[in-house]
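Visitor: Before I ask anything, let me first share the structure, which is written out below as structure tokens.
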Amino acid sequence: MASRGKWSSSIGFILAAAGSAIGIGNIWRFPYMTGKYGGAAFLFVYLAAVVLLGMPVLIAEIAMGRATGKNPVGAFKEFRPRGPWKLVGYLGVLAGVMILSYYSLISGWTLGYFFKTLSGALKNAGTAVTPGIFTAFAQNFWLQAFLLAAFLFITGYIVARGIANGIEKACKLLMPVLFVIMLILLVRSLTLPGAGKGLEFYLKPDFSQLTPRVIIDALGQAFFSLSLGMGAMITYGSYLKKEESIPAGAAWVAFLDTITAVMAGFIIFPALAAFGMSPEGGHPLVFHILPVIFDQMPFGTLFGMLFFLLLGVAALASTVSLLEVAAAYLIDERKWSRKKSVLTASGLSFLIGVPSILSFGNVDFFRRLPLVHISFFEMMDFVWGSLALSVGALFIAIFVGYVWKSSSALKEIRQGAKRFRYAWIWSFSVKYLCPLLIAATLFILFIG
Ligand code: PHE
């Protein structure tokens, strides 16, 4: 979006926002977190977080963007030129660059697996060998650096030319195809012998599994998946016309995003159980199990290739939105050219991505950081993907609820949505529920 153009229609906005929301967060991050945190209990906290916190913050961000027509830093400055509030905007820009660094790495994996499926390297690869294939793949530093650079390059190219709506148009065509493939995979997975145990893991909650860490990651996942807490939706909202309905758009985005994640779970967990694999496979989880599912179905190679390719496209619509936040900030606030902004932000993401590559390689330091004993990659995903987005969402809710004031925000929302029936629920959530629940979780996490 080179100049401050507007989406040509509400479907344009929904596509862009859904394109940002739906990505590997749904198909890679959600299943591995659900697997790691004991299944159904995590799923339920995540779903509750989407409805109670995610939807309201989504509406708040879009409204802030549309009211100001600005990037996150500019939006906060518009309401409060002085004082610390603009720091929330800066945090968002920073979070965008940080998340982009490792998100693009995982997105690169989808390209790698596309070619692996094409070349037949995954043919007849059972559960005994897929983990080894993945490890060898992830440990190949130059290949990973190449895939990361390639993914960032494509993202940068799209953002630099201001043709982000090209990718959204492509999504309009391609995402329904991805959806259909997921439905087919779901049927295949659910009909595998022994799938029932996986369903039980996914759907029968054991709430004794819930710890502050699990809860903060579930909240973080809700924000991550909906692209909230860092201003991506403020930025996209800034391109939205006044006569479009914010609540309706937000409801569509949340629905499409959440259904995609839930479906991914219905594909992954039954298959894991059927093949006797542990749901606690960690980050590579879906790359361990998906090739095995493809192998168990007719035209598996074709489905596999299509799936990884389309997942790559879904990821691309998300990386475009991550980069667009930093680019919009540098262009609007620093008056940099679009090209320079994109080169700087994506170059930075590449550099920060390198230690994430090494987290899967042979360098012990990055595999297990001193003191925290997790890999650099895991540290990045927790600090930026879960914590920073939760903190960002917390401050956005407080800002909209008390500084901009929910009554003024409602005036903005009511333009284009005359009857916003859930207005009072929205105000209640932004003013009380979001601040209290997010702050309490963060508090317990750090004190407990
Ligand atoms: N929502 C994206 C996903 O689920 C990731 C993302 C997070 C994109 C934050 C933009 C901002 O894949």
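Visitor: For A48 and R80 in one chain, what is 0.36 nm times their gap in residues minus the Cα-Cα distance, to one decimal in nm?
Guide: Extending this stretch completely gives an extra 8.3 nm.
Visitor: As I understand it, the dipole of the stretch 367-446 uses +1 on the Cβ of Lys and Arg and -1 on the Cβ of Asp and Glu, about the Cα centre. Which of L369, L445, L394 lies farthest toward its positive end?
Guide: Among L369, L445, L394, the one farthest towards the positive end of the dipole of the stretch 367-446 is L394.
Visitor: Okay, next question. Tell me the accessible surface of V403 in square angstrom (1.4 angstrom probe, heavy atoms of protein chains only), to the nearest ten.
Guide: 30 Å²
Visitor: Let me ask you something else. Using a Cα-Cα cut-off of under 15 Å, which aspartates and glutamates could be cross-linked to K340, ignoring same-chain neighbours fewer than 8 residues away?
Guide: In chain and number order, the partners are E324, D332.
Visitor: In the Gaussian network model of the chain, springs joining C-alpha atoms below 10 Å, which of I14, I246, I374 carries the largest mean-square fluctuation?
Guide: I374
Visitor: Under a point-charge model restricted to the Cβ atoms of Lys and Arg (+1) and Asp and Glu (-1), what is the dipole moment magnitude of the stretch 288-385 relative to its Cα centre, in debye to the nearest 20?
Guide: Rounded to the nearest 20 debye, it is 420 debye.
Visitor: Another question, then. Please calculate the 1.4 Å probe accessible area of E333, with all protein chains present, and give it to the nearest 10 Å².
Guide: 50 Å²
Visitor: Which of V391, V187, V354 moves the most in a Gaussian network model of the chain with Cα springs under 10 Å?
Guide: Result for the chain, Cα springs under 10 Å: V187 fluctuates most.
Visitor: Cα-Cα over 30 Å: which of K169/K405; K6/K411; K36/K241; K335/K431; K36/K172?
Guide: K169/K405; K36/K241; K335/K431; K36/K172
Visitor: Follow-up question, since we're still on this one. For the stretch 374-448 and the stretch 123-155, what is the separation of their Cα centres, given in Å?
Guide: Between the Cα centre of the stretch 374-448 and that of the stretch 123-155, the gap is 36 Å.
Visitor: Kindly provide the helix-only [θ] at 222 nm of the chain, computed as the sum of -39,500 (n - 2.57) over DSSP H runs of four or more divided by all residues, to the nearest 500 deg cm²/dmol?
Guide: -22500 deg cm²/dmol
Visitor: Let me ask something else. Which shape class applies to the stretch 75-152: rounded if a/c is under 1.5, otherwise prolate when a/b exceeds b/c and oblate if not, where a ≥ b ≥ c are the square roots of the Cα gyration tensor eigenvalues?
Guide: prolate
Visitor: Which listed residue (F269, S20, T211) has the Cα farthest towards the positive end of the charge dipole for the chain, taking +1 on Lys and Arg C-beta and -1 on Asp and Glu C-beta about the Cα centre?
Guide: So the residue furthest toward the plus end is S20.
Visitor: Suppose every K and R has +1 on its Cβ and every D and E has -1 on its Cβ; what is the size of the dipole of the chain about the Cα centre, in Debye to the nearest 20?
Guide: 1400 debye
Visitor: Below 8 Å, C-alpha to C-alpha, sequence gap of six or more: please give me the relative contact order for the chain in percent.
Guide: That works out to 35 percent.
Visitor: For the chain, list the DSSP H helices whose alpha carbon atoms reach 18 Å or more along the long axis and whose average Kyte-Doolittle value is 0.5 or above?
Guide: 55-68, 86-119, 141-160, 164-190, 212-225, 246-274, 300-334, 338-358, 434-447
Visitor: For the chain, what class follows from the C-alpha gyration tensor (a ≥ b ≥ c being the square roots of its eigenvalues): rounded when a/c is under 1.5, otherwise prolate if a/b is larger than b/c, else oblate?
Guide: prolate
Visitor: Let me ask another. Sort the stretch 162-282 into rounded, prolate or oblate with this rule: let a ≥ b ≥ c be the square roots of the eigenvalues of the Cα gyration tensor; rounded if a/c is under 1.5, and if a/c is not under 1.5, prolate when a/b is larger than b/c, oblate otherwise.
Guide: oblate
The values are calculated or read from the model by the stated rules, or taken from the named source; none is laboratory data. Being a predicted model, the structure only gives us computed values, none of them experimental. Glycine also receives a Cβ, built like all others from the backbone with ideal geometry; neighbour counts cover every protein chain displayed. Calculation scope for accessible area: heavy atoms of the full protein, side chains included, ligands and nucleic acids excluded. Shrake-Rupley method; radii C 1.70, N 1.55, O 1.52, S 1.80 Å.
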